[in-house]
Amino acid sequence: MADPSSYRPKPGQIPDSPGVYKFRDEHRRVIYVGKAKSLRQRLANYFQPITSLHPRTATMVTTAASVEWTVVSTEVEALQLEYSWIKEYDPRFNVKYRDDKSYPYLAVTMNEEFPRVQVMRGHKKKGVRYFGPYAHAWAIRETVDLMLRVFPVRTCSAGVFRNAASAGRPCLLGYIGKCSAPCVGRVTPEEHRELAEEFSDFMAGRTGTYIRRLEKQMMLAAEDMEYERAARLRDDIEALRRAMEKSAVVLADATDADLIALAEDELEAAVQIFHVRGGRVRGQRGWVTDKVEAVDTAGLVEHAIQQLYGEESGDTVPKEVLVPALPEDTEAVTAWLAGRRGSNVSLRIPQRGDKKDLMATVARNAQQALVLHKTKRASDLTTRSRALEEIAEALDLDSAPLRIECFDISHLQGEDVVASMVVFEDGLPRKSEYRRFQIKGFEGQDDVRSMHEVIGRRFRRYLAEKEKTGEWDAEGVVEDPDETGRPKRFAYPPQLVVVDGGQPQVAAARRALDELGIDDIAVCGLAKRLEEVWLPGDDDPVVLPRSSEGLYLLQRVRDTAHDFAIRYQRSKRAKRIRTSPLDAVPGLGDTRKRALIKHFGSVKRLRQATIEQICEVPGMGRKTAEAVVVALAQAAPAAPAVNTATGEIMEDDGGGTA
């Protein structure tokens, strides 16, 4: 491990201009590549005291043994050079979205004398027009089969084409009208190329022209009483419409855009891209990457843009690129994209309308991809076993923690404070054992005190159940005094208690166990910011390797507890908000409460109404109306609602809840 001060350049050596820099290790391998508007300012950030650096940055600078840089003229050149070096050197500390080469594309080989329509995978070739990527190859073949009725372009391989040409007979597709048979000279090379151009234009979204042209031809054929030709044209139109239906319209203004969304945690990030052409989703792809460098959402977006368009040019770079966060140097990235496309490109965050709604859909896909990725890792038996062994080794446990319980506290500005307990057995969630707690011992926001209360309550129940049932038998199973065959709720003790938090929360949990005389259950905490594992009484955290399956399991347990607690807290808050002074009126059911609110518009207006006005509501008698007036008079007016975005106090005159 190198000392960064040993290779730190002298202040006057680093130029104050745009450029790209490389960190190399002791074997001269490039381990990190970065760019900067000012090399002097950026590189100075890496040579601060190690304790003030992000842990990932600290690991990189201590692994490195030297740094070098190249000065460029503009930030756009720096962006291009950075991408080229990342691609060339594959540095270990750079975030890289590794493209899944198995994504199939619909390709039209315009670089051949007789262009061919086919399914292609892998790196893109010059002179070939690509559409997609598609999720499955069969989806491409279904689309092509429909399209060949109208655009009978060659789909055969070079060998089949040569054999048909030498034999003087076309293949089966030529006989059934799904190929124009250029192999035997039924069409000239120019006519066949024109068919391929029309096929490509239709796939690119310019569909209206061809549909209208065919409809006009169909009507003319019908007027000339060429009914067979009109019927064929009708079927061709239907085939094109079915091909169009395979990609639903998502943007009504026929936009050409790529939408990039991210889902991330402290260790990984998932990116999803929707390719929209002509207002229709023409392709989708996605990757999951390790966050090996200290990078925020804007940085991840910039990396994704570099990976997506670094090898693209022309129309393959869309007019619009919609992102969840703008890169740090938006102008340089936009100029770089415009240079790849050859015309202006809009890089922005969608703010409203269909594009914002579609971006939310892409974000949900990214989140699901990240969850699926983690679930796949956690579901494998070998992986789970290795994860439990790594946890036992890292925490110095006597055996693998086959039962793990995790606790989390949730509240909204100190209100509706709740806690959750989730259980993982053998590395898998046991949802029937999940429990929820309301904090009862005090009011207000105090996560440490809340954690102490919840841990104490849970394990007091464990001791109570243990006292009822006696000691554990040889099999480790609690006998059920009711002989129902089911253990009591809190009868099983965990081997490991995980709390969401750092040193204070861990100390509170350990103190609660000590107060109950429980010393055979291990405790640890997982701090979310840097994914550090804290043990009771230790001043320094246990740092598990980033690739550790044990860390992934702890992270999943913690995230599950967090989500479970948030859902409970939101449900309590929603229930509290739904309460009404009308709930105190005896005999007033939900139907008549809704009728009152519908008639008057809000509780505030109902409070201002007279008994006679309330009696006008269908189903309301005078006695009930009097009870309503009394209940509303006794209830204190609700606090005014506040718009959290503007701070404006909102008048309660539009609606209400019974």
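Expected output is a single nm value to one decimal: the length gained when fully extending between Ser346 and Glu331, i.e. 0.36 nm times separation in residues minus the C-alpha distance. What is it?
My answer for the length gained is 4.4 nm.
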Cα-based Rg / Dmax (Å) for the stretch 286-396:
18.7, 60
Students often forget the sequence filter, so: which aspartates and glutamates lie under 16 Å Cα-Cα from Lys22 once same-chain residues fewer than 8 apart are removed?
Glu68, Glu77, Glu82, Glu88, Asp90, Glu293
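Tally Lys/Arg at +1 and Asp/Glu at -1 over every other residue whose Cβ is under 9 Å from the Cβ of Ala107; what's the total? Don't skip to the answer; put the middle values down first.
Details: positive: Arg116, Lys124, Lys125, Arg129; negative: none.
Here the count lands on +4.
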What is the extension gain from Val543 to Asp296, computed as 0.36 nm multiplied by their sequence separation minus the C-alpha to C-alpha distance, in nm to one decimal?
86.8 nm
Given the whole protein assembly as supplied and a 1.4 Å probe, what does the accessible area of Lys10 come to in Å², nearest 10?
140 Å²
Contour minus end-to-end for Gln368 and Tyr175, with contour as 0.36 nm per residue of separation and end-to-end as the Cα-Cα distance?
64.8 nm
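Calculate, for Asp520 and Lys356, the FRET efficiency according to 1/(1 + (r/R0)^6) with r their C-beta to C-beta distance and R0 45 Å; round to the nearest 0.05.
Efficiency, rounded to the nearest 0.05: 0.25.
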Apply the Karplus curve 6.51 cos²θ - 1.76 cosθ + 1.60, θ = phi - 60°, to the phi angles in the stretch 153-165 and return the couplings in whole Hz, x for Gly and Pro.
8, 4, 10, 7, 6, 4, x, 5, 4, 5, 5, 5, 5
J(HN,Hα) series, the stretch 282-289, from Karplus relation 6.51 cos²θ - 1.76 cosθ + 1.60, nearest Hz, glycine and proline x
9, x, 8, 8, x, 9, 10, 10
Which of the residue pairs Lys356/Lys528; Lys440/Lys593; Lys319/Lys355; Lys37/Lys124; Lys87/Lys124 have a Cα-Cα distance greater than 20 Å in the structure shown?
Lys356/Lys528; Lys440/Lys593; Lys37/Lys124
Using a 1.4 angstrom probe with every protein chain in place, what is the largest-first accessible-area order of Phe202, Phe114?
Phe114, Phe202
Can you run phi through the Karplus equation (6.51, -1.76, 1.60; θ = phi - 60°) for the stretch 459-464 and list ³J(HN,Hα) in whole Hz, with x for Gly and Pro?
7, 5, 5, 4, 5, 5
Using only the Cα atoms of the stretch 272-317, what do you get for the radius of gyration and for Dmax, in Å?
12.6, 37
Working with all protein chains in place, sort His54, His123 by solvent-accessible area computed with a 1.4 Å probe, largest first.
His123, His54
Once Lys and Arg are counted +1 and Asp and Glu -1 for all other residues with Cβ under 12 Å from that of Gly174, the total becomes +4
Dipole check, the stretch 344-439, charges on Cβ (K,R +1; D,E -1), about Cα centroid: among Gly427, Leu412, Leu395 the Cα furthest to the positive pole belongs to Leu412
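The values are calculated or read from the model by the stated rules, or taken from the named source; none is laboratory data. If you're wondering where the values come from, they're calculated on a predicted model, not measured in any experiment. Please note: Cβ atoms are built from the backbone with ideal geometry, for glycine as well, and neighbour counts cover all protein chains shown. We work out accessible area using only protein heavy atoms, side chains counted, and drop any ligands, DNA or RNA first. Shrake-Rupley method; radii C 1.70, N 1.55, O 1.52, S 1.80 Å.
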